[in-house]
Amino acid sequence: MWFWWFMFVCDLLIPILMIGSGRMMWKHPPKNINRNIGYRTTLSMKNMDTWKFAHDYSGRLWWKIGWIMLVPSALVHVLLYRSSENVIGIVSSILCTIQCVILIVSIFPTERALKRNFTDDGIRKE
């Protein structure tokens, strides 16, 4: 039973972190462009306009994706409540891998939005 709870909490970490981080990026982006924290890509770091746009866009995206992933992640664990530790471990590993892939893939829509709205030099398109 303790293993189920442990894996339940572990598999909800990524969606919960996406919700919290997304809200912080969206509502309270880093004030200065830096290489330590925030959405850091070549285009997002061109100037403050691209920096703020990238944080707003990716923050909202992470917030939405996090809420969407939270429900099925919890539901999968509810369905596994009385399963063996092997089944819970395997399904949790698969779920965590899927969540990580979704997290990484979320970079592509943000980069596409940046390229749609800014030139390669970071100047906003008309």
From L75, L79, L70, which residue is open to solvent by less than 90 Å² (accessible area, probe 1.4 Å) and either out of contact with any Gly (no Cβ under 7 Å at 6 or more places or on another chain) or of a type in the set (D, E) (or both)? L70
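Let's see how each residue does on (1) touching a Ser or Thr at 6+ places or on another chain (Cβ under 9 Å); (2) exposed (fewer than 14 other Cβ atoms within 10 Å of the Cβ); (3) closer than 16 Å to L103 by Cβ:
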{"site": "M7", "(1), (2), (3)": "yes, no, no"}
{"site": "D11", "(1), (2), (3)": "yes, no, yes"}
{"site": "G22", "(1), (2), (3)": "yes, no, yes"}
{"site": "K27", "(1), (2), (3)": "no, yes, no"}
{"site": "K31", "(1), (2), (3)": "no, yes, no"}
{"site": "R35", "(1), (2), (3)": "no, yes, no"}
{"site": "R40", "(1), (2), (3)": "no, no, yes"}
{"site": "S44", "(1), (2), (3)": "yes, no, no"}
{"site": "D49", "(1), (2), (3)": "no, yes, no"}
I need a count of the residues in the stretch 103-121 that are in a helix (DSSP H, G or I) and either in contact with a Ser or Thr (Cβ under 6 Å, 6 or more places away or on another chain) or not aliphatic (A, V, I, L, M) (or both). 8
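Just wondering, is there one or more residues in the stretch 29-42 that are assigned to a helix (DSSP H, G or I) and within 30 Å of D120 (Cα to Cα)?
We begin by selecting, within the stretch 29-42, every residue assigned to a helix (DSSP H, G or I); these are none.
No, every residue in the stretch 29-42 fails to be assigned to a helix (DSSP H, G or I) and within 30 Å of D120 (Cα to Cα).
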Only one of (1) aliphatic (A, V, I, L, M); (2) assigned to a helix (DSSP H, G or I); (3) over 22 Å from W4 (Cα atoms); (4) without any contact (Cβ under 8 Å) to a residue 12 or more places away in the chain fails for M25. Which number is that? (4)
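The values are calculated or read from the model by the stated rules, or taken from the named source; none is laboratory data. On a predicted model such as this, the values are computed, not experimentally measured, just so you know. Positions of Cβ are generated from backbone atoms using ideal geometry, with glycine treated the same way; all protein chains shown enter the neighbour counts. Surface areas here come from the heavy atoms of the whole protein model, side chains and all, with no ligands, DNA or RNA. Shrake-Rupley method; radii C 1.70, N 1.55, O 1.52, S 1.80 Å.
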